[in-house]
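> Got a structure here, written out as structure tokens. Questions coming.
The values are calculated or read from the model by the stated rules, or taken from the named source; none is laboratory data. Please read these numbers as outputs of a predicted model, since none were measured by experiment. Note: ideal-geometry Cβ built from the backbone for every residue, glycine included; neighbour counts use all protein chains shown.
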Amino acid sequence: MIVTIATVKGFQNGIRNKVVQVHGSYIIDHAANVEGAEPMVVSSQHLPAFARGKSVGNSDLPAGISHWAISASKACIVKGETELDGVVAKGMRQADFEFGMGAFVLKRCASMPVAQLAEKNANSGSGTDPWVYISQAMADRLRLDTGDRLTLVFFVNDSLGRGRPRAARPLIAGLFETGIEQIDNQVIYTDLPLVQKYLDVKPGFTQIELWEQQQGQIDPLDISMQLPAGMLRISDSRQFHRQIYDWLSILNTNVWVILTLMALVAIIAMSTILLILMVEKTSFVGIAQAMGSSIAQIQRIFLWQSAYIVTVGVLLGNFIAIVLCLIQDKTHILTLNQEVYFVKYVMVELDPWAILFVNLGIIIASIFAAILPVQWIKRMTPSRAIRFQ
């Protein structure tokens, strides 16, 4: 039971932390956005006060925010040597990309390190070469690598409202892998001015992502008071990744089913063990009754014996479970298919309260499992019990 809870809790929190690391704890976007549709563009003049400064760490940040990032997303077509694919190009500043996605980068372009990219990003308005990061899976599919040029085709409305293709060829600065299929197969990260160039509203953005401090919490109501009414809204990451969070919630049902089955096995096992003990000690029961012991005294003897068995079992089970979880947490010996489970190995998280409740539950269940079998002693007579073989 402890291993089951630790595994599921670690799995859920591991995926949640990964989603939050990539997209932030809260997201500010257009109030009229619809789930599944391309995000609407907001003019930069509607930026909240804390996002108007050039410095990310300015003193005007609302309480609880550790980092914020402006991004602009637009659907486009990517072209490799022979393959085409439809993706969403997400424009960000280099520092913001490194904050959210830096831990997932597998390979970087040797001729364009991070420091050089940051310098180019700071001077992106002077005709410098734009950069792009794509997933390892997309690079394999398009047969591209770091240092190659990736062709991006955006469709921009002309004066008559007709979509006209516009192409850009940024340099692939690196490859990443998050393990989340919706990101690896559908999103590329590129220079913010590159995407803003093809937006209908210039200069514009589609999202502001907020990361929460470890020691503080973001107050959505406080931030919403700084947003223009009817134009922007703030939502947590759960609303932007509903499918992932719903899937994680379903795991809680699986845990309760597993724990219930294990509890039933424990109750049946305890009752069976106690019945076997009483059958083996039938002669002892008869002799004790003949010598004047009451039924209650004999029952207490078997209850204390069952309590000893339960105590040894609980202590041994706790030790084995905690050791197994610590071994997995330190060595990651049990691996998973990241394309299916979003994580590379079985993640565990030991919760002291969960361990306490499991132990209390097992002890209470074992007490009830022991009370019923000892009632059989009342049906024994001294003469029959002594003769029992």
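> Residues that are surrounded by fewer than 19 Cβ atoms within 10 Å (Cβ to Cβ): find the strands (runs of 3 or more DSSP E) completely inside segment 8-98 holding 3 or more of those.
65-79, 84-92
> For segment 309-343, which positions are among the aromatic types (Phe, Trp, Tyr) and in a helix (DSSP H, G or I)?
So in segment 309-343, the residues among the aromatic types (Phe, Trp, Tyr) come out as 319, 341-342.
Phe319, Tyr341, listed by residue number.
> Look at segment 72-102 and say how many of its residues are within 30 Å of Gln215 (Cβ to Cβ), small (Gly, Ala, Ser) and out of contact with any helix residue (DSSP H, G or I) (no Cβ under 7 Å at 6 or more places or on another chain). Give the steps one after another, and end with the answer.
Going through segment 72-102, the residues within 30 Å of Gln215 (Cβ to Cβ) turn out to be 90, 92-102.
Then drop every residue that is not small (Gly, Ala, Ser), which leaves 95, 100, 102.
From what's left, out of contact with any helix residue (DSSP H, G or I) (no Cβ under 7 Å at 6 or more places or on another chain): 102.
Count: 1.
> For segment 218-252, which residues satisfy the criterion of being over 17 Å from Ile15 (Cβ atoms) and loosely packed, with under 11 Cβ neighbours inside 10 Å? Break it down stepwise before answering.
Here is the first cut: in segment 218-252, the ones over 17 Å from Ile15 (Cβ atoms) are 218-235.
Result: Leu221, Ala229, Gly230.
> Which pairs have Cβ atoms under 8 Å, sit 6 or more apart or on different chains, and link a residue in segment 269-291 that is over 16 Å from Ser306 (Cα atoms) to one that is surrounded by fewer than 15 Cβ atoms within 10 Å (Cβ to Cβ) and modelled with pLDDT of 75 or more?
The qualifying pairs are Ala288/Gln297.
> Quick check, is Val255 over 19 Å from the mean Cα position of the chain (by Cα) and closer than 30 Å to Pro373 by Cα? Even if it seems obvious, please write down each step before you answer.
Working: over 19 Å from the mean Cα position of the chain (by Cα): no; closer than 30 Å to Pro373 by Cα: yes.
In short, no.
> For segment 109-139, give me the residue count where each residue is modelled with pLDDT under 90 and not small (Gly, Ala, Ser).
Within segment 109-139, residues that are modelled with pLDDT under 90 and not small (Gly, Ala, Ser) number 13.
> Quick one: Tyr245 ticks every box in (1) over 22 Å from Val20 (Cβ atoms); (2) in contact with a Ser or Thr (Cβ under 9 Å, 6 or more places away or on another chain) bar one, so which box is it?
(1)
> Please specify each residue of segment 196-242 satisfying the condition of being free of Cβ contacts under 8 Å to residues at least 60 places away in the same chain and assigned to a loop (DSSP other than H, G, I, E, B).
Residues satisfying the conditions are Lys197, Lys202, Gln215, Met225, Ala229.
> Let me ask you something else. How many residues are free of Cβ contacts under 8 Å to residues at least 24 places away in the same chain, in a loop (DSSP other than H, G, I, E, B) and surrounded by 10 or more Cβ atoms within 10 Å (Cβ to Cβ) when one looks only at segment 140-169?
Of the residues in segment 140-169, 1 are free of Cβ contacts under 8 Å to residues at least 24 places away in the same chain, in a loop (DSSP other than H, G, I, E, B) and surrounded by 10 or more Cβ atoms within 10 Å (Cβ to Cβ).
> Right, here's the next one. Within segment 290-305, how many residues turn out to be in a helix (DSSP H, G or I), surrounded by fewer than 15 Cβ atoms within 10 Å (Cβ to Cβ) and more than 49 Å from the chain's Cα centre (by Cα)?
The qualifying residues number 3.
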